[in-house]
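Here's the structure, in structure tokens; my notes come after.
The values are calculated or read from the model by the stated rules, or taken from the named source; none is laboratory data. Just so it is clear, the structure is predicted and the values come from calculations on it, not from any experiment. A quick note on method: Cβ atoms are made from the backbone with ideal geometry, for glycine too, and the neighbour counts reach across all protein chains shown.
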Amino acid sequence: MADDLLVIIPTRGRPQAVPEIVQAWDDTGATADLLFAVDTDDPELAAYKKHAATYKGDGRVRFTFGKRRRLVGTLNQQAVKAAKQYRFLAFMGDDHRPRPAAMAWDARIRECLSGGPGIVYGNDLLQGEKMATAVAMTSDIVATLDYMAPPTLVHLCVDLVWVDWGRGMQRITYLDDMVIEHLHPANGKADVDAGYEECNSSERVASDSAAYYDYRDNGGLEADLVKLRKLVEEAA
């Protein structure tokens, strides 16, 4: 493969996050490619396009503009395409920020995933080991399942699925000292905006929670784990 690590960031309504994230790349010495996935109906579309022009000369940073598919739909669309080119794929929200450490976070990801199919995540200073709110995985997982997150989900509970996959494969690493901070209203690090209101509404919580439990308990997870365990066996 020509490239090794791509971080996909579906973003909406938060163009101010773009320079902050690029600065976090600079501050941490990250060399991973960065893809901002933007909706063409975003009210802040003009600001995102201005950022795209600003960073056009930065070989690490790319933008894609497309129909709104919500977080999981956008992530899956971009991940499936990128799995053909990249060895490793990662997801971060537009409210995640990698933090400096002795060894760059993206170098840690490459090191952890270089031994074969697997999943790695760090400390978001909110959920810690419980949830992979930002995650990286080998691209063969996406190619095998044809998605990076179950398409029955819209926004929530994907972080639980990634932990389920990794544990079910027995190929998961949690790095407590690799901080990818989650700047979220739940820990007082962000104000509630329209995006948080939408994705954390009672309707979204109920719908995605029901979809997650159905996937976990009614055969969806086990069917995916059969494929992923086979992937691990074949790579051994």
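Out of all the residues in region 60-73, is one or more in contact (Cβ under 8 Å) with a residue 40 or more places away in the chain and of a type in the set (A, V, I, L, M, F, W, C)?
Taking every residue of region 60-73 in turn, at least one turns out to be in contact (Cβ under 8 Å) with a residue 40 or more places away in the chain and of a type in the set (A, V, I, L, M, F, W, C).
Looking only at residues in region 199-236 that are assigned to a loop (DSSP other than H, G, I, E, B) and of a type outside the set (S, T, N, Q), which one is farthest from D146 (Cα to Cα)? Steps first, please.
Kept after step one, since they are assigned to a loop (DSSP other than H, G, I, E, B), are these residues of region 199-236: 200-201, 218-219, 236.
With of a type outside the set (S, T, N, Q) added as a condition, the list becomes 219, 236.
Details: G219: 17, A236: 21 Å.
The extreme case among them is A236.
Would you check if R99 is under 25 Å from G73 (Cβ atoms) and surrounded by fewer than 24 Cβ atoms within 10 Å (Cβ to Cβ)?
Considered against the rule, which asks whether it is under 25 Å from G73 (Cβ atoms) and surrounded by fewer than 24 Cβ atoms within 10 Å (Cβ to Cβ), R99 comes out as no.
Yes or no, residue by residue, for (1) in a loop (DSSP other than H, G, I, E, B); (2) modelled with pLDDT of 95 or more; (3) buried (at least 21 other Cβ atoms within 10 Å of the Cβ); (4) hydroxyl-bearing (S, T, Y):
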site: G57; (1), (2), (3), (4): yes, no, no, no
site: R62; (1), (2), (3), (4): no, yes, no, no
site: E111; (1), (2), (3), (4): no, yes, no, no
site: V142; (1), (2), (3), (4): no, yes, yes, no
site: L153; (1), (2), (3), (4): yes, yes, yes, no
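Of the residues S202, S209, which single one is of a type in the set (G, A, S), without any contact (Cβ under 8 Å) to a residue 12 or more places away in the chain and at negative phi?
Of S202, S209, the one residue that is of a type in the set (G, A, S), without any contact (Cβ under 8 Å) to a residue 12 or more places away in the chain and at negative phi is S202.
Name the residues in region 35-52 that are in a strand (DSSP E or B) and surrounded by fewer than 17 Cβ atoms within 10 Å (Cβ to Cβ), would you?
None; the set is empty.
Quickly run through region 165-180 and pick out the residues that are buried (at least 22 other Cβ atoms within 10 Å of the Cβ) and either of a type outside the set (A, V, I, L, M) or without any contact (Cβ under 8 Å) to a residue 40 or more places away in the chain (or both).
Answer for region 165-180, where residues must be buried (at least 22 other Cβ atoms within 10 Å of the Cβ) and either of a type outside the set (A, V, I, L, M) or without any contact (Cβ under 8 Å) to a residue 40 or more places away in the chain (or both): W165, G166, R171.
For region 1-34, how many residues meet the condition of being in a strand (DSSP E or B) and in contact (Cβ under 8 Å) with a residue 60 or more places away in the chain?
Keep residues of region 1-34 that are in a strand (DSSP E or B), which gives 3-11, 33-34.
Of the ones still in play, those that are also in contact (Cβ under 8 Å) with a residue 60 or more places away in the chain are 3-11.
Number satisfying all stated conditions: 9.
Does D159 count as in contact with a Ser or Thr (Cβ under 6 Å, 6 or more places away or on another chain), buried (at least 17 other Cβ atoms within 10 Å of the Cβ) and among the acidic types (D, E)?
Judged against the criteria, D159 is a match.
Picking from L183, L228, which residue would you name as being over 19 Å from A134 (Cβ atoms) and either buried (at least 18 other Cβ atoms within 10 Å of the Cβ) or touching an Asp or Glu at 6+ places or on another chain (Cβ under 7 Å) (or both)?
Working: L183 fails: over 19 Å from A134 (Cβ atoms).
Exactly one residue qualifies, and that residue is L228.
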